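First the structure, in the form of structure tokens, and then the observations on it.
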Amino acid sequence: MPHRHPFAPRADIPSPASTITNAIIARLEAGTRPWRKPWTGAVAQRPLRYCGTPYRGGNIFWLWLVADMLGYASPYWMTYRQSRLLGGQVRKGEKSTIAIFYKSYGKEVADPDTGEEATETRRVLKSYPIFNADQIDDLPERFHPKPAATPKPIDADRLAEITTFFERIPAATRHGGDEAFYDPVGDYIQLPHPDTFIDADHYGATRAHECVHWSGGERRLDRAFGDRFGDEKYAAEELVAELASAILGSELGLPVDHLDDHASYIAHWLRILKADPKALLTIASKADEAAHYLLALGGRDPVPDEGGDFETGANDGEALPPPAAIAA
């Protein structure tokens, strides 16, 4: 029997990339975008690890989707062992979901010209099981934050707060007319005047979307998709803007349900995701990069990259401080 590499996927088990991509495809085909209103009725924030650190990249959108489908209100997720160290107990019959990360390993590869062997570092997508705090009894109260209070009417102070954030981002921004877009040739953002929006938050959400496009400029993140996305590059960029806007919305308290339902975009996205199960992870990673780039420019400290996600190559699933420190 041939030896199977310890990191090689089993043929009878869907890969983590396929599991996540297929779930999001199903929601898109049903007419629901899982990143649009993922925090309705709960605290507006990203999915959190047991220690309070937000997840990064593809895990954000995947765990938003799972929480929405299963009705979880808590943003906290943890492994079974972490729940036990916190004094909790996963309820009988509860099913885990997955968090994803990359595992690195070395492979000996022979040079085709010299025959000399060298070790190449390769990565494979892996997953580990986690539970939402709503599936666990006896956790400390902080793992079940109360729903956000009804927002107060938007006023001049809120507009000033939003404007202050965006003015720290050095994107040339013009106001006037009735269109919102980023002009890559002139390298500027065009927006209608703030007074023409429903409220300050919808102005901020629209400006965030266009700032994401600006972030991909050649002198900034130089976001490119190469031949992999072929004629779908424009649709891929729009999906980056949608996903990054959702992350920014969760950090700044901005809505993400204001965007037009471009049926053509959704059709393009479905073609991209169905053709390549890992395309979503690539796009989500670029969206996460764009969101954190803008948060840093706007004076919001980006979330530290502490492992456990597919960008990091590290799994924090069992990396725990002493029980006393966790319970403190």
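The values are calculated or read from the model by the stated rules, or taken from the named source; none is laboratory data. Computed from a predicted structure; not experimentally measured. FYI the Cβ positions are ideal-geometry reconstructions off the backbone, even for glycines, and counts take in every protein chain you see.
Contact map, the range 69-89: first residue more than 18 Å from S127 (Cα to Cα), second residue small (G, A, S), Cβ cut-off under 6 Å, separation 6 or more or different chains; pairs are A73/A42; S74/A133. The set of residues in the range 140-194 that are over 15 Å from T206 (Cα atoms), among the small types (G, A, S), at pLDDT below 90 and assigned to a loop (DSSP other than H, G, I, E, B) comprises A148, A149. Of all residue pairs spaced 6 or more apart or on separate chains, those with beta-carbon atoms under 6 Å, a first member in the range 223-243 that is aliphatic (A, V, I, L, M) and a second member that is outside any helix (DSSP H, G or I) and crowded, with 18+ Cβ neighbours inside 10 Å are A236/F225; L243/W35.
Being in a strand (DSSP E or B) and closer than 18 Å to V90 by Cα is the filter; apply it to the range 118-139 and report the residue that is farthest from the chain's Cα centre (by Cα). Here the answer is D137. Looking across the range 84-95, the residues that are closer than 18 Å to P145 by Cα and crowded, with 18+ Cβ neighbours inside 10 Å come down to L86, G88. Considering the range 259-307, the residues that are within 30 Å of R168 (Cβ to Cβ) and basic (K, R) include one that is modelled with the highest pLDDT, namely K286. Entry remark, the range 67-83: residues being at pLDDT 90 or above and surrounded by 15 or more Cβ atoms within 10 Å (Cβ to Cβ) number 9 in total. Where residues in the range 217-258 are part of a loop (DSSP other than H, G, I, E, B) and among the small types (G, A, S), which of them is modelled with the lowest pLDDT? The selected residue is G226. Can you spot a residue in the range 98-117 that is in a helix (DSSP H, G or I), surrounded by fewer than 21 Cβ atoms within 10 Å (Cβ to Cβ) and either assigned by TED's automatic domain parsing to the domain that holds L48 or in contact with a Gly (Cβ under 6 Å, 6 or more places away or on another chain) (or both)? The answer is no, given that none of the residues of the range 98-117 is in a helix (DSSP H, G or I), surrounded by fewer than 21 Cβ atoms within 10 Å (Cβ to Cβ) and either assigned by TED's automatic domain parsing to the domain that holds L48 or in contact with a Gly (Cβ under 6 Å, 6 or more places away or on another chain) (or both). When you go through H202, H209 one by one, which is the residue that is surrounded by fewer than 20 Cβ atoms within 10 Å (Cβ to Cβ) and either in a helix (DSSP H, G or I) or small (G, A, S) (or both)? Exactly one residue qualifies, and that residue is H202.
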